[in-house]
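Asks: Take this structure first; my questions come after.
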Amino acid sequence: MKKIYNILAACALGLTLSSCNDFLDYEPTAVVNEDKAFSDPAGMVTSAYAMLGDCWYTYPFNLFPYGDVASDDCLKGGGSTGDTGYHAFDIWTTLAPNTPGEMDELWYRLYCAVSRCNRALLSLDKYGEDVLGAETTRQRVAEVKFLRGHFYYKLLTVFRKIPWIDENVEAAGTQEQTRNDEFTYDQLFHKVIDDFKAAYDVLPVKGPGQDGRANKVAAAAYLAKCYLNLAWGDGYEANTGVDHINRDYMDSVIVYTNDVENSDYDYLEDYGDIFLPEYNNSKESVFAVQTSDYEDDHTTYGRANWSNTLNGCWGMWSCGWDFHKPSQDLVNAFKTKNGLPMFDDYDKTQDYPINGQPTTQKWDPRLFHTVGMPSFPYKYEAEYTQTMANSRDANDYGYYTSLKEVPQRSKGETFNGSWQAFAMNDYVFRYTDVMLMRAEALIELDRLSEARDIINAIRQRAKNSITKHISYAADQCEIALYPESYFQDKATARKCLRWERRLEMAMENGRFFDLRRWGVASTTLNAYFEKEQKATYSIYDHNGNLMAGAPQPAVDAQGNVTNRNLPHGAYYRDAHFTAGKNEFFPVPYNQMFYIPGLYTQNQNYN
């Protein structure tokens, strides 16, 4: 029988076959012959690119459950704590190698993507120059190594102990003899760096009409991100943080962010535009996973963002499942006093803005671009005003919704069926993210004034992002630039940078990884859990009136309201983050079980 590269559809043979010999002689249909596939290097490269968006909510390649749900920025959402397995990421205490099962899907799918890249490299090596020519082959090899580095970065970020399977292992067929402890964390990171460096050395800055294709600037951004992670330590809190800074690695962050800063990429003028599909490939977008609408690409369903298919607002979309819910702690972090963050007392009270009811409490404008709130236009559209009825499980998850990953409601969904999905690109890097990485490195290298310039440029953009989209909240916004006094010492400058990163990148799937990089995940998350155990959700506006869509208040025999505030604390009652264990997610049980004795588990997971 001929080798099969990839079965694309099942062949139902049933009882139509008259004998075993007939079955053995059967020529499979709907398959791709391996030799034929490998002889088409351009097609193999395309198949590797296709994996960028080949995701689903149980294996989201944007890692929103791992980077946001696992942090203080976000709650899982949905219909109940048992809706998907991601509740374990909210509370950590139930996280285990077999819980949630979605971890195994993510591992498997990311390695499918790695395999596509390896096969593309083998095809290019054997057929590339004859079919594509030497220079094009050189370019395509660099692109595929960028893609492989991208997928391996995600595997390493989540699971830490991973087997390094490259094109040589693929060619030898020794995947099932490759251990996951062959290389250290540092060595694995340098293998990922080698892939991005191979891309950086060859690829052009950006070609015309090349949106979504790997380029030199995107490779520079990834190299900076890799070195920034390594610069802080090994990821475990005992060996991570300000006492473990590697200045040489911080210098590398500056070197590679130079390429980004000196490119044609830049800050988009209005913060709200960044998260509208018509700006999918703006100058802010250094690298993004591409999506499309069926009307644009003339397909049945379009190329939707399936990672975020659960994250539409309940009752707002035809099928919104209300996952990825911003936390009250995140909303509180947007408070300002005299235009500056309230570092030390932002969470002393649980505050929330009400449309048309300004108070003395002012807010960073980015709140209204990031968090959907009852009484406010949903994604800027007054005809779709959000109410308290737009939450499936308010007792557990409150009334906030996520805005960045959805288009405006009037534009509709890309796919509308039992699920909804949107043509919203997934940012891998946007320009501001890279500049914040640069500012972080500058602070640790004692170049505080340069870091302040970057952070203030970002705050100025936020200050300019009111009139176009959120004029209805103008009287609730106040934001100022940092004075020089905030950047006279590293500790204060560091606090400004970390706060700015939280607000600017909120709900963009990276908060937990930031906390881990800085070595503060356990202190931050356990303090958050303790606060949340005492939290309640109000159902009244600032004038004492019941909010639209709020549950009707219960009254006792004397007519007194008994549920003015909804309890919330039970949700985090058993939550706890364990340093020395939870910094990384466990190697999934199925992978440990599949080849017993080949893989070792991350520390302190049974």
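Asks: Over the Cα atoms of the range 467-567, each weighted equally, I'd like the Debye log10 I(q)/I(0) at q = 0.15, 0.17 Å⁻¹, rounded to two decimals.
Replies: One equal scatterer on each Cα of the range 467-567 leads to -0.99, -1.07.
Asks: Using just the Cα positions, wrap the range 34-125 in a convex hull and report its mean projected area in square nanometres, one decimal place.
Replies: The directionally averaged projection comes out at 7.2 nm².
Asks: Provide the net charge surrounding residue 598, with neighbours chosen by a C-beta distance below 12 Å and charges set as Lys +1, Arg +1, Asp -1, Glu -1.
Replies: For residues surrounding residue 598, the net value is -1.
Asks: Once the principal axes of the Cα atoms of the range 335-457 are found, what is the range along each, listed largest first in whole angstroms?
Replies: The principal-axis extents, from largest down, are 53, 36, 27 Å.
Asks: Right, another one. Take 119, 392 and sort them by solvent-accessible surface of the protein heavy atoms, 1.4 Å probe, largest at the top.
Replies: In descending accessible area the options line up as 392, 119.
Asks: Could you give the distance between the Cα centres of the range 166-188 and the range 453-518, to the whole Å?
Replies: Answer, in whole Å: 41.
Asks: Also: May I have the convex hull volume per residue, in Å³, for the Cα set of the range 190-305?
Replies: Given the Cα convex hull of the range 190-305, per-residue volume reads 158 Å³.
Asks: Right, next: For the range 71-207, what is the largest minus smallest coordinate of the Cα atoms on each principal axis, given in angstrom and ordered from greatest to least?
Replies: 56, 38, 26
Asks: With Cβ to Cβ distances under 10 Å as the rule, what net charge do the other residues near residue 288 carry (K, R +1; D, E -1)?
Replies: With Lys, Arg at +1 and Asp, Glu at -1, the net is -2.
Asks: Sticking with this structure for a sec: Before rounding to the nearest 500, sum -39500 (n - 2.57) across all DSSP H runs of length at least 4 in the chain and divide by the residue total; then give [θ] at 222 nm in deg cm²/dmol.
Replies: Value at 222 nm, helices only, nearest 500: -11000 deg cm²/dmol.
Asks: Over 10 Å intervals from 0, what percent of Cα-Cα pairs in the range 354-417 sits in each interval?
Replies: P(r) for the range 354-417, in whole percents per bin: 19, 48, 29, 3, 0.
Asks: Please compute the contact order of the chain in relative form: average sequence separation of alpha-carbon pairs under 8 Å and at least six residues apart, divided by the residue count, as a percent.
Replies: For the chain, the relative contact order is 19 percent.
Asks: So how do 240, 300, 387, 536 rank on accessible area, 1.4 Å probe, biggest first, that is with the largest at the start?
Replies: Greatest to least solvent exposure: 300, 536, 387, 240.
Asks: Ordering 297, 541 by how much accessible area each has at a 1.4 Å probe, largest first, what is the list?
Replies: 297, 541
Asks: Under the rule a/c < 1.5 gives rounded, and otherwise a/b versus b/c splits prolate from oblate, where does the range 41-80 land using the Cα gyration tensor?
Replies: prolate
Asks: Something else: Projected area of the range 302-343, taken from the Cα convex hull and averaged over every viewing direction, in nm²?
Replies: Its Cα hull, projected and averaged over all orientations, spans 4.9 nm².
Asks: Continuing with the same structure: In a shell of Cβ-Cβ distance under 11 Å around residue 204, excluding residue 204 itself, what net charge do Lys and Arg (+1) and Asp and Glu (-1) give?
Replies: Cβ neighbours under 11 Å give a net charge of +2.
Asks: Please compute, over every Cα-Cα pair in the range 275-361, the percentage with a separation greater than 22 angstrom.
Replies: The answer is 55 percent, as a whole percent.
Asks: Something else: Summarise the accessible area of the range 360-469 (1.4 Å probe, protein heavy atoms) by the percent that is carbon and sulfur.
Replies: 45 percent
Asks: Distances over 48 Å make up what percent of all Cα-Cα pairs in the chain?
Replies: 13 percent
Asks: For the range 129-232, what's the relative contact order in percent, using C-alpha pairs closer than 8 Å and at least 6 residues apart?
Replies: Relative contact order, the range 129-232: 30 percent.
Asks: Per residue, how large is the accessible surface of the chain? Use a 1.4 angstrom probe and give square angstrom.
Replies: 40 Å²
Asks: Could I ask something else about it? Over the range 487-606, what relative contact order in percent results from Cα pairs under 8 Å that are six or more residues apart?
Replies: 22 percent
Asks: Related question: Please express the shape of the range 232-281 as an equivalent ellipsoid: the semi-axes are the square roots of 5 times the eigenvalues of the C-alpha gyration tensor, given largest first in whole angstrom.
Replies: For the range 232-281, the ellipsoid semi-axes come out as 33, 17, 8 Å.
The values are calculated or read from the model by the stated rules, or taken from the named source; none is laboratory data. Keep in mind that this is a model prediction, so the values were computed, not measured. Cβ: placed from backbone, ideal geometry, glycine included. Neighbour counts: every protein chain shown. SASA here: full protein model, heavy atoms, side chains in, ligands and nucleic acids out. Shrake-Rupley method; radii C 1.70, N 1.55, O 1.52, S 1.80 Å.
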